[in-house]
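Below you'll find the structure, written out as structure tokens, and then a few comments.
Read-outs: derived from the displayed coordinates by stated rules, not from any lab. It should be emphasised that the depicted structure is a prediction, and the values quoted were computed from it without experimental measurement. Note that we place each Cβ from the backbone using ideal geometry, even for glycine, and neighbour counts take in every protein chain shown.
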Amino acid sequence: MTAKWIDISQPLNERIAHWPGDTPFSYDLSFTKKETRSVNIGRITTSLHTGTHIDAPFHFESSAQTILDLDLSIFIGKARVIDVSHFRKIGAEQLQAFPLDKAERLLLKTLPISKPDTFPEEVIQLDPDLGPLLKEKNICLIGVDVPSVDALDSKEMAVHHSFHQHHIHILENIILDHVPPGDYELIALPLPIEGADGSPVRAVLRPLADPLGKEDVHVNP
């Protein structure tokens, strides 16, 4: 039996939290079936950094890659989920306690419970020294269950820049409440938005099978 896909995306609706001062998410019908006599046609308005999304390097570096410049293979493949919710700060020293070899992509569970409808007052502190460590471990993507890998009031964006300098891409606002630590297959494809600094994604995980073909023990109940 094939393991089921686990949705780790924040649902997009008018209750979802957005960055203060940024464009909130909205969905409405531009035209109803009654009006067109054939179909309903909807439209959305949103910031590209509301909900579960990818940051393109162009988001924090004007001469860097936009979403369409990025290799799609970054967002498909093996990912390791680890629980770091007992830490207040995560740097290279803290991550040394976790097995990271052959992780390829790393998803950090920093919250005991995600609250997509509430914008946090603060997020777990990540240290820029994670960049060199993750590069050493051949990790190409880091995912977090908060709106940013940097402090919410950061202007320097030191962690973003460290990850970019070490070729590590960023996935933000995932939900890992219901995902036990372990190895999974990740799909988190961005939309092909020309010139974009980021993109919403539908991020999903599937537990990896062991060498005998059995499902991994970390299956979502």
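Brief remarks follow.
- Chain lengthening between K33 and I76 when straightened (0.36 nm per residue, less Cα-Cα): 11.8 nm
- Peptides 82-93, 132-143, 112-123 ranked from most to least packed give 132-143, 82-93, 112-123, packing being the mean of other C-beta atoms within 10 angstrom over each peptide's residues.
- Listed peptides 101-107, 52-58, 167-173 by packing density, highest first (mean Cβ within 10 Å): 52-58, 167-173, 101-107
- Counting DSSP beta bridges with both ends in the chain, the antiparallel % (nearest 5): 65
- Segment I113..A97, full-extension length gain: 3.5 nm, with 0.36 nm per residue of separation and the alpha-carbon distance subtracted.
- Take the Cα of D177, go 7 Å toward its beta carbon, and the backbone nitrogen atoms of the stretch 84-117 under 18 Å from that spot belong to 84-86, 108-117.
- For the set K4/K109; K4/K33; K33/K78; K135/K155, the pairs lying more than 32 angstrom apart at their alpha carbons are K4/K33; K33/K78.
- Over the stretch 1-45: Rg over Rh, Cα atoms, Kirkwood Rh: 1.19
- Nearest-0.05 FRET efficiency for D129 and T23, computed from C-beta distance (R0 35 Å): 0.55
- Based on DSSP H segments of at least four residues, each scored -39500 (n - 2.57), the chain has a per-residue ellipticity at 222 nm of -2500 deg cm²/dmol.
- Shape descriptor for the chain: Rg over Rh equals 0.99 (Cα atoms; Rh from the Kirkwood inverse mean 1/r).
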